[in-house]
Amino acid sequence: MFGLVEWRGAGERCGAREKRLGGVRFLAAGIRHGDGLRAAWSLRTAARTLEWYGVTQTVFPRGFSAYERFAARGIVPVDVRPLREAAAAAIARRVMAQQEIAPRRATVALCALRVTRAYAAAAETLAADTRYLQLCTAQGGWELSQTLRSRFGVAAPVLRVPEGADIVLCFDDAAEISAARGIVLPLGAASLRVTYGGERAEKCGGEPEQFLAAWYASLALRAEEICVKRVAWDQSANIGVER
């Protein structure tokens, strides 16, 4: 079960209760606004309650900053990396649209230590309309390259590091991208901010991406249902590519 930390107003009890949102069960624990003793007590109680019930991943309110109070008890925000990996092709396409890069003229590099299901799905999706794909991976790259050639007629070279890519998608932190050029998008980085379409998560009160990640992990959200509306990234990591 996932946790849900939510603000409770004056007169509302801060106790925990089970809630079903988007078809997924959450244990919702209330906290109070402010810096006073009651607010501090509510944070401590919420963290203890979630720990007692064995919750390790939680959806937090928007703008929440006291993560360390929960991390001390082994409770962290819902991992958004699997969600972003499932939406990797959509993220790359949205960045292309924002930067006015035509897919038929673009080079996209996919970086990871090994080919995973999400990695292969992103490669197959991008192969449909992207000019060049580069598979920067140490395990499974050759097999995927052969699949892309036979199914889509795409020649996707297997490289150690990206070469002249417009967009570099990093599926894990250990991928070799030190020499990468272009727009570097580490899918697990906090500096990467993804805004999604749809109102379902917006109406639930918590951090929308964390809600979507919880639904995706619980199989209540399919990869094809993920709609990427906007992407923001660390501009300082960009290195120009001469075309």
**Message:** When the residues of region 180-219 are narrowed to those that are within 16 Å of the chain's Cα centre (by Cα), among the charged types (D, E, K, R) and farther than 21 Å from I101 by Cα, which ends up surrounded by the most Cβ atoms within 10 Å (Cβ to Cβ)?
**Reply:** E207
**Message:** I need the full set of residues from region 62-85 which are touching a residue at least 24 places away in the same chain (Cβ under 8 Å) and not in a loop (DSSP other than H, G, I, E, B), in order please.
**Reply:** R69, F70, P77, R81, P82, L83, R84, E85
**Message:** Out of V95, V108, I need the residue that is touching a strand residue (DSSP E or B) at 6+ places or on another chain (Cβ under 7 Å) and part of a helix (DSSP H, G or I). Which one?
**Reply:** V95
**Prompt:** Consider E12 against the criteria (1) of a type in the set (D, E, K, R); (2) under 26 Å from A232 (Cα atoms); (3) surrounded by fewer than 17 Cβ atoms within 10 Å (Cβ to Cβ): it satisfies all of them except one. Which criterion is unmet?
**Reply:** (2)
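Residue-by-condition table, conditions (1) surrounded by fewer than 23 Cβ atoms within 10 Å (Cβ to Cβ); (2) within 21 Å of V194 (Cα to Cα); (3) of a type outside the set (D, E, K, R):
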| site | (1), (2), (3) |
| --- | --- |
| R84 | no, yes, no |
| M96 | yes, yes, yes |
| A102 | yes, yes, yes |
| A112 | no, yes, yes |
| T125 | yes, yes, yes |
| R131 | yes, no, no |
| Q146 | yes, no, yes |
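For region 45-59, what are the residues that are assigned to a loop (DSSP other than H, G, I, E, B) and open to solvent by less than 50 Å² (accessible area, probe 1.4 Å)?
Residues of region 45-59 assigned to a loop (DSSP other than H, G, I, E, B): 53-56.
Hit for region 45-59 is V55, nothing else.
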**Request:** Report yes if some residue within region 2-23 is within 30 Å of G140 (Cα to Cα) and aliphatic (A, V, I, L, M); otherwise report no.
**Result:** no
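Tell me whether region 191-208 contains one or more residues that are under 20 Å from C170 (Cα atoms) and among the acidic types (D, E). Walk me through it before giving the result.
Initially, region 191-208 is screened for residues under 20 Å from C170 (Cα atoms), giving 191-196.
If we keep only those that are among the acidic types (D, E) as well, we get none.
Looking through region 191-208, none of the residues is under 20 Å from C170 (Cα atoms) and among the acidic types (D, E).
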**Fill in**
Counted residues in region 1-18 being modelled with pLDDT under 85 and either among the hydroxyl-bearing types (S, T, Y) or part of a strand (DSSP E or B) (or both) come to 0
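Please determine whether any residue of region 51-73 is touching a Ser or Thr at 6+ places or on another chain (Cβ under 6 Å) and modelled with pLDDT of 95 or more.
The first filter runs over region 51-73 and keeps only residues touching a Ser or Thr at 6+ places or on another chain (Cβ under 6 Å), leaving none.
Looking through region 51-73, none of the residues is touching a Ser or Thr at 6+ places or on another chain (Cβ under 6 Å) and modelled with pLDDT of 95 or more.
The values are calculated or read from the model by the stated rules, or taken from the named source; none is laboratory data. Keep in mind that what you see is a predicted model, and the values were worked out from it rather than measured. Don't worry about glycine lacking a Cβ; one is built from the backbone with ideal geometry, like all the others, and counts go over all protein chains shown. Only protein heavy atoms, including side chains, enter the accessible area calculation; ligands, DNA and RNA are left aside. Shrake-Rupley method; radii C 1.70, N 1.55, O 1.52, S 1.80 Å.
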